[in-house]
Amino acid sequence: MATIAFLLNGTPQRCSVSPDTSILTLLREHLAQTGTKEGCASGDCGTCTVAIGEPTAGTQRFTSANACITPAHQLQGRHLVTVEGLSEKGHLHPAQEAMIECHGSQCGFCTPGIVMSLFTLHNDLTQRPSPLTPERLEAALGGNLCRCTGYRPIRDAALLMNDIAYQRPLWFDASQPASKSDSQTTETAEPASFFAQPTSLATLTQLRQAAPQARLVAGGTDLWLEITQRLATFDQLIDVSRVAELLTIEEALFENQTGWWIGAGMTYTQLEPLFEANFPAFAHLLHRLGSQQIRNRGTLGGNIANASPIGDTPPVLLALCAQIELASVTGKRCLALEDFFLDYKKTALAADEVISRIFVPQPVEGCQLRVWKLSKRREDDISALLGAFSYRIEQGSLRDVRIAFGGMAAIPKRAQAVETALEGCTISVEAFRAAQQALENDFQPMSDVRGSQHYRQQAAKNLLERLYISLSAPDHEVMLHAYAH
């Protein structure tokens, strides 16, 4: 059993639960806190949203998370706030009061999760005052589904809550339990069952060598679905979310290229400022990579290690010439990301290795990046197809062309025949027709529930067509949608 010490709505808690317990299970089955509901059990609906606080500059910063797929043991040394804790001495939190005032609830099942998303938004707005733009509001509530109320009154509540007088309770900034020291491990009577939460890369690699069969967990946004959807049990878990070396971004020179070493444990939310400043198209993609709750938890290293052929970030990283660093007790080795993916769900990662960092080169002058994702649902959906296009235009010709697709093969893969067809060519109908024809030499996609082979092949060709139209008529929008760019 894993022992967790944390704060729940300002009150110290100490619980012993199995390593594969979720926050939702901890709340409802162990602590009898049933305000947090279970909806989809897969991180899609937001019904189970809670807020997790970490100390920042002398105060607490709360981020939203889906309790159904967030490991309970990651609460160690943290502050968990649920809907039960928001009222203070009979006074409702502005998020609750505004929901009542604006008639934002009907059946009420989804309301606790919506209120908690509004709570984290309100906390951010009061701690770091800034305009509440429609984009920011949509990001905050994009992971909360409501079947009966409709979203207008909920949106109205979000706009109203900051005008309601509110005194922040002192317990919001209460001292948290001390975190465990490096590599604290709690074992059961069965030696084969254990949980560990290292804080250094050295200890992590030692644990990995000693227990290569143990599952690694960072954000848990994909791994925990094996528990909630497949009813799997995890007896051996190594939590990498506290490893310091995995939680940094460092600007550096690597193989004569300036760029950034990104720790594998960095979440999508933490990466947004870097990408917005240097890779706007990548930052734009993040807004379609799950909900705010998912982006607060999911990690870049986890998306790569998962090795899904339809993962969102690997095709973009391939187009950006990313390198990956793998660490073990014997040292570190680097390889191009395209050499990391071997076959479906199979990678070059050895049994005793972990992904420690990803190197993304700084874009050279004039380099442009386009990223287009196709999915059945516009938001919060898995890709059917994703194309990433990196290139320069020099004297009317395409240079340094790198194109990668997800959903077109068993692995995220570069379209090397297409790159060859376009490299050095002028932007013309003939060049792109040749590139579309070359696409058939690069890929023979599979058919599945998200799209047939024919659909994927045609859709990929259409993305090349979109690229051609974008380049030949740069002042005209090719496709209008809610997030046109």
(request) Starting from the Cα of Glu29, step 7 Å toward the Cβ, then list every residue of the stretch 215-246 with an amide N under 14 Å from that point. (result) 227-235
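How many Å² of accessible area per residue for the chain, probe 1.4 Å?
Working: 20870 Å² over 485 residues.
With the other protein chains kept in place, the chain gives 43 Å² per residue.
What net charge is computed for the residues neighbouring Gly366, neighbours being all others with C-beta under 13 Å from the C-beta of Gly366, Lys and Arg scored +1, Asp and Glu -1?
Net of charged neighbours comes to -1.
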(message) What do you get for the angle between helix 111-127 and the principal long axis of the chain? Use alpha-carbon atoms, 0 to 90 degrees, nearest ten.
(response) 80
(request) Tell me the label-point distance for the pair Glu84, Ala350, using the 7 Å Cα-to-Cβ offset, in nm and rounded to one decimal. (result) 4.9
(request) Grab the other residues whose beta carbon is less than 12 angstrom from that of Arg377, score K and R as +1, D and E as -1, and report the net. (result) +1
(request) Keeping to pairs on different chains or 8 or more places apart, tell me how many lysine pairs in the chain have Cα atoms under 22 Å apart. (result) 9
(request) Highest first, please rank the peptides 426-437, 23-34, 104-115 by the mean number of other Cβ atoms sitting within 10 Å of their residues. (result) 104-115, 23-34, 426-437
(request) Kindly provide the helix-only [θ] at 222 nm of the chain, computed as the sum of -39,500 (n - 2.57) over DSSP H runs of four or more divided by all residues, to the nearest 500 deg cm²/dmol? (result) -8000 deg cm²/dmol
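Rounded to the nearest 0.05, what FRET efficiency is calculated for Arg14 and Gln395 with R0 set to 51 Å and r the Cβ-Cβ distance?
0.15
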(request) Provide Tyr166, Tyr268, Tyr468 ordered by accessible surface of protein heavy atoms (probe 1.4 Å), highest first. (result) Tyr166, Tyr468, Tyr268
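Which FRET efficiency value, to the nearest 0.05, is calculated for Gln229 and Thr426 with the Förster distance at 41 angstrom and r the Cβ-Cβ distance?
Working from the Cβ atoms, E equals 0.25.
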(message) Output the 0 to 90 degree angle, nearest 10, between the alpha-carbon long axis of helix 152-161 and the longest principal axis computed from the alpha carbons of the chain.
(response) 60
(message) What does the extension gain come out to for Arg155 and Ile100, with contour length at 0.36 nm per residue minus their alpha carbon separation?
(response) 18.6 nm
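With a ≥ b ≥ c taken as the square roots of the eigenvalues of the C-alpha gyration tensor of the stretch 1-177, please select rounded if a/c is under 1.5 and otherwise prolate if a/b is larger than b/c or oblate if it is not?
Oblate, since a/c reaches 1.5 and b/c is not below a/b.
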(request) Please list His103, His287 in order of solvent-accessible area, largest first, computed with a 1.4 Å probe with all protein chains present. (result) His103, His287
(request) Would you calculate the separation in nanometres between label points at Asn278 and Ala473, each defined as 7 Å from the Cα along the Cα-to-beta-carbon direction? (result) 3.5
(message) Given R₀ = 22 Å, what would the calculated FRET efficiency be for Asp343 paired with Asp381, taking r from the Cβ atoms and rounding to 0.05?
(response) 0.30
(request) Could you tell me the distance between the Cα centroids of the stretch 401-426 and the stretch 55-131, to the nearest Å? (result) 44
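The values are calculated or read from the model by the stated rules, or taken from the named source; none is laboratory data. Note that the structure is a prediction, hence the values are computed from the model and not measured. Because the Cβ atoms are built from the backbone with ideal geometry, glycine has one as well, and the counts that use them run over all protein chains shown. Surface areas here come from the heavy atoms of the whole protein model, side chains and all, with no ligands, DNA or RNA. Shrake-Rupley method; radii C 1.70, N 1.55, O 1.52, S 1.80 Å.
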